[in-house]
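Below: the structure, in structure tokens.
The values are calculated or read from the model by the stated rules, or taken from the named source; none is laboratory data. This is a predicted model, so every value here is computed, not measured. Cβ coordinates were reconstructed from backbone atoms using ideal geometry, including for glycine residues, and neighbour counts include every protein chain displayed.
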Amino acid sequence: MEMNSFAMIFGRCVWIPPSPKAALAALSLFYGIGVSGEPDITALQTIISDQYVSTGKSQSEADKEIVWLNDCFSTYDVPAENRNQQKGPDIALW
């Protein structure tokens, strides 16, 4: 059996992205790369959602996947050496 996907670990969850494009968007969200506020978060979540829809899921199913992914982000324990970094007041990645 040939596998055409890969898994990513976010916090205590294993996620199989629907596409490489979704994987890159999720990495950007998780690490805050290119994220300077809510519009960036929304845009990246839309990319992930659209990738789910393109694989045949309904918009409602795609929205549930985004909620699940955000929940996974929140299970990540930030290492002590990274806790002193400041985040902007509008940036809430999880």
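Check residue 41 against each of (1) part of a helix (DSSP H, G or I); (2) touching a Ser or Thr at 6+ places or on another chain (Cβ under 8 Å) and name the one condition it does not meet.
Of (1) part of a helix (DSSP H, G or I); (2) touching a Ser or Thr at 6+ places or on another chain (Cβ under 8 Å), only one is false for residue 41: (2).
Within the stretch 46-55, can you find the residues that are within 11 Å of the chain's Cα centre (by Cα) and without any contact (Cβ under 8 Å) to a residue 24 or more places away in the chain?
If the condition is that a residue be within 11 Å of the chain's Cα centre (by Cα) and without any contact (Cβ under 8 Å) to a residue 24 or more places away in the chain, then 46, 49 are the ones that fit.
Output the residue which, of all residues in the stretch 56-67 that are without any contact (Cβ under 8 Å) to a residue 12 or more places away in the chain and assigned to a helix (DSSP H, G or I), is nearest to the chain's Cα centre (by Cα).
Among those residues, the one meeting the criterion is 67.
Take the stretch 10-24 and flag every residue that is assigned to a loop (DSSP other than H, G, I, E, B) and at pLDDT below 90.
Once the filter is applied, which keeps residues that are assigned to a loop (DSSP other than H, G, I, E, B) and at pLDDT below 90, the stretch 10-24 yields 11, 12.
Mind checking whether some residue in the stretch 79-87 is modelled with pLDDT of 85 or more and either assigned to a helix (DSSP H, G or I) or surrounded by 15 or more Cβ atoms within 10 Å (Cβ to Cβ) (or both)?
Scanning the stretch 79-87, I find no residue that is modelled with pLDDT of 85 or more and either assigned to a helix (DSSP H, G or I) or surrounded by 15 or more Cβ atoms within 10 Å (Cβ to Cβ) (or both), so the answer is no.
Residues being of a type in the set (Phe, Trp, Tyr) and at pLDDT 95 or above: count how many of those fall in the stretch 30-69.
1
Name the residue that is nearest to the chain's Cα centre (by Cα), counting only residues in the stretch 25-38 that are in a helix (DSSP H, G or I) and either farther than 16 Å from residue 10 by Cβ or without any contact (Cβ under 8 Å) to a residue 12 or more places away in the chain (or both).
Per the stated criteria, the residue is 31.
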